[in-house]
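Novice: Below you will find the structure I want to go over with you.
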Amino acid sequence: MSLVNMLAFIIGLPFVLIKLALYILFGIIRSFVPMSIWRKKSVEGDICLITGAGSGIGRQIAINFAEQGADLVLWDVDSAGNKETAQLVRKFGVNVWTYTCDVSNRQKVYTLAQRVKDEAGTVTILVNNAGIVSGSYFLDLSDEKIMKTMGVNTMAHFWTLRAFLPDMIKNNQGHVVTVSSLVGEGGIGGMSDYSASKCAVKGLHESILRELHMYKSNVKCTVVCPYTVNTGMFNGISVKYQFLLPFITPEYVGEKVVQAVLTDTDTLYLPPYIFIAVFLMHSLPTNVQLAIENLLNANEAMKSFVGKR
């Protein structure tokens, strides 16, 4: 290291440490203040594209964005469900466009993305929410199930981001929401493909957030890591001591996701105290983690999985 670089480092270090301390202090204070009373930005007139909008979390996110006055572009492979969501949100007086789309199909995504730009305008909020669960243990997984899970849960994020993120960067405005999962922080038995897909999108999200920071872009990012949501995707799983961690509702998730966008929250754990489980995942020795999972019957839970038919 040259003398000039060393002096620059010594001079700049106190400013970096002060800035870091202020960020930590602000983060601690913010964690104790309910999100509902944080200062919020307006999304009225924004164009929000939501994948998997035909039911569950996607539908509730659409309803909450419509309440805030955002126009909506709804994508789902389920045309009927997508139309039902459109009917529910039109009562708020917003513009709505619906498209039937298998988001794992790269060319279909690119083609529909151009139609959206021509028919609706520039997307300013992208919510990558579409997801599927195969519900099989690794040795029971077929190649087709693995490819489909990764196609919908992971690769689709690449295709939609490549389609819509460049316009956000160009206009220096926008927000990307990545719906990951608690198991996006680490694996669990019976969810090898699902866990892998959600870990992958969380990594993708964090990389893009840092690239946007490098560009000094005003485009914001939010990653959502919920515990099990009772949308039907996980029907049949048997969780021991479920009173400790009851399933959360899609209505709750939809409300909190939109609040996170309005407050530019970068990471959202639902429910918030699930962060304790994340901390334990990353700090405890593996044998201790396994002992806790045995106590909760966590790795056996998917044996009774039925799923959404």
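Novice: Can you tell me which residue in segment 70-94 is farthest from A53 (Cα to Cα), limited to those that are in a helix (DSSP H, G or I) and of a type in the set (D, E, K, R)?
Specialist: R90
Novice: Among the residues of segment 109-129, write down those that are out of contact with any Gly (no Cβ under 6 Å at 6 or more places or on another chain), under 20 Å from T178 (Cα atoms) and either without any contact (Cβ under 8 Å) to a residue 12 or more places away in the chain or not hydrophobic (A, V, I, L, M, F, W, C) (or both).
Specialist: Y110, T122, N128
Novice: Before we move on, is G187 of a type outside the set (A, V, I, L, M, F, W, C), touching a residue at least 24 places away in the same chain (Cβ under 8 Å) and in a loop (DSSP other than H, G, I, E, B)?
Specialist: Taking the combined requirement at face value, the residue does not satisfy it.
Novice: Based on what the data block shows, is E44 of a type in the set (D, E, K, R), within 18 Å of P250 (Cα to Cα) and either modelled with pLDDT of 95 or more or surrounded by 15 or more Cβ atoms within 10 Å (Cβ to Cβ) (or both)?
Specialist: no
Novice: So which pairs qualify, if the first residue must be in segment 208-226 and under 19 Å from V257 (Cα atoms), the second must be crowded, with 19+ Cβ neighbours inside 10 Å and among the acidic types (D, E), the Cβ gap must be under 8 Å, and the two must be at least 6 apart or on different chains?
Specialist: C225/E185
Novice: Quick one: S217 ticks every box in (1) under 24 Å from Q60 (Cα atoms); (2) outside any strand (DSSP E or B) except a single one, so which number is it?
Specialist: For S217, the exception is condition (1).
Novice: Checking the structure you have, find out if any residue of segment 267-274 is under 26 Å from R39 (Cβ atoms), in contact with a helix residue (DSSP H, G or I) (Cβ under 8 Å, 6 or more places away or on another chain) and of a type in the set (S, T, N, Q).
Specialist: Within segment 267-274, none of the residues are under 26 Å from R39 (Cβ atoms), in contact with a helix residue (DSSP H, G or I) (Cβ under 8 Å, 6 or more places away or on another chain) and of a type in the set (S, T, N, Q).
Novice: Restricting to segment 212-263, what's the tally of residues that are buried (at least 18 other Cβ atoms within 10 Å of the Cβ) and of a type in the set (F, W, Y)?
Specialist: Summing the residues that are buried (at least 18 other Cβ atoms within 10 Å of the Cβ) and of a type in the set (F, W, Y) in segment 212-263 gives 2.
Novice: Can I ask one more? Those residues that are β-branched (V, I, T), over 19 Å from the mean Cα position of the chain (by Cα) and part of a helix (DSSP H, G or I), I need them from segment 95-135; list them, please.
Specialist: Across segment 95-135, the qualifying residues are T111, V116.
Novice: What tally of residues in segment 278-294 results from selecting those that are in contact (Cβ under 8 Å) with a residue 40 or more places away in the chain and either touching a Pro at 6+ places or on another chain (Cβ under 7 Å) or under 19 Å from S238 (Cα atoms) (or both)?
Specialist: Result for segment 278-294: 1.
The values are calculated or read from the model by the stated rules, or taken from the named source; none is laboratory data. Just so it is clear, the model here is predicted, and its values are computed rather than measured. Note that we place each Cβ from the backbone using ideal geometry, even for glycine, and neighbour counts take in every protein chain shown.
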